[in-house]
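Written below as structure tokens is the structure these notes are about.
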Amino acid sequence: MDCEALKACLGQVKWVDYATLVATVAAVIAAVSAFVSYRLSKNIYDEIKSDETIIAGRLHHPGLQNAGHDQSVLRCTLLNKSHRKAFVSSVRAYEKNGDEIPITWSSSIDSLGNIINPTGLLGIVDSIELYLRRNDGKEFKESDNMRAVQKRGRIS
């Protein structure tokens, strides 16, 4: 009788080991499938967004009523060449020596050149006017540079 009880116990242990093994293999397969699915969806999203092209026009002063305010504001046109809405999430201006100029930017200004609604994100369907204003009140010089940076896509 002791042998039969021992055989029954060993049979139960083998059954538990097989069940644990099957559960472990199923968990590994599920994890691998989830990772592959994530990578595939990320690649598809990146491919969809890769055709974003924004062309920045020439920089110029907007011609405000007060000539003293005009020199601290720049305007340029951004043209979206992609088939879907593109976004600009960051705009930076630099002096000739490479120092960053503190600016506020938006798609609208008032009559004195003050930025209205500086959201930090612009959506562009066709084209939009981009206004930059120096935070320190100094003038933009012709030697200063501007670079628009997008999270995805490219600026020409």
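The values are calculated or read from the model by the stated rules, or taken from the named source; none is laboratory data. This is a predicted model, so every value here is computed, not measured. For neighbour counting, all protein chains shown are included, and Cβ atoms are generated from backbone atoms with ideal geometry for every residue, glycine included.
Quick notes on this one:
- Scanning region 82-110 for residues that are within 21 Å of Glu47 (Cα to Cα) and in contact (Cβ under 8 Å) with a residue 40 or more places away in the chain gives Ser82, Lys85, Ala86, Phe87, Val88, Ser89.
- Residues being more than 30 Å from Leu122 (Cβ to Cβ) and among the small types (Gly, Ala, Ser) - total across region 22-65: 8
- Gly120 part of a loop (DSSP other than H, G, I, E, B), touching a helix residue (DSSP H, G or I) at 6+ places or on another chain (Cβ under 8 Å) and not aliphatic (A, V, I, L, M): no
- Residue in region 130-153 that is modelled with the highest pLDDT, counting only those that are within 27 Å of Asp46 (Cα to Cα) and surrounded by 14 or more Cβ atoms within 10 Å (Cβ to Cβ): Leu130
- Some residue of region 66-78 being surrounded by fewer than 17 Cβ atoms within 10 Å (Cβ to Cβ), farther than 22 Å from Asn135 by Cα and free of Cβ contacts under 8 Å to residues at least 60 places away in the same chain: no
- Scanning region 41-65 for residues that are modelled with pLDDT of 80 or more, part of a helix (DSSP H, G or I) and either among the hydroxyl-bearing types (Ser, Thr, Tyr) or surrounded by 14 or more Cβ atoms within 10 Å (Cβ to Cβ) (or both) returns a single hit, Ser41.
- Test: residue in region 20-40 that is touching a residue at least 40 places away in the same chain (Cβ under 8 Å), loosely packed, with under 12 Cβ neighbours inside 10 Å and not β-branched (Val, Ile, Thr): no
- Residue in region 74-86 that is hydroxyl-bearing (Ser, Thr, Tyr) and not in a loop (DSSP other than H, G, I, E, B) present: yes
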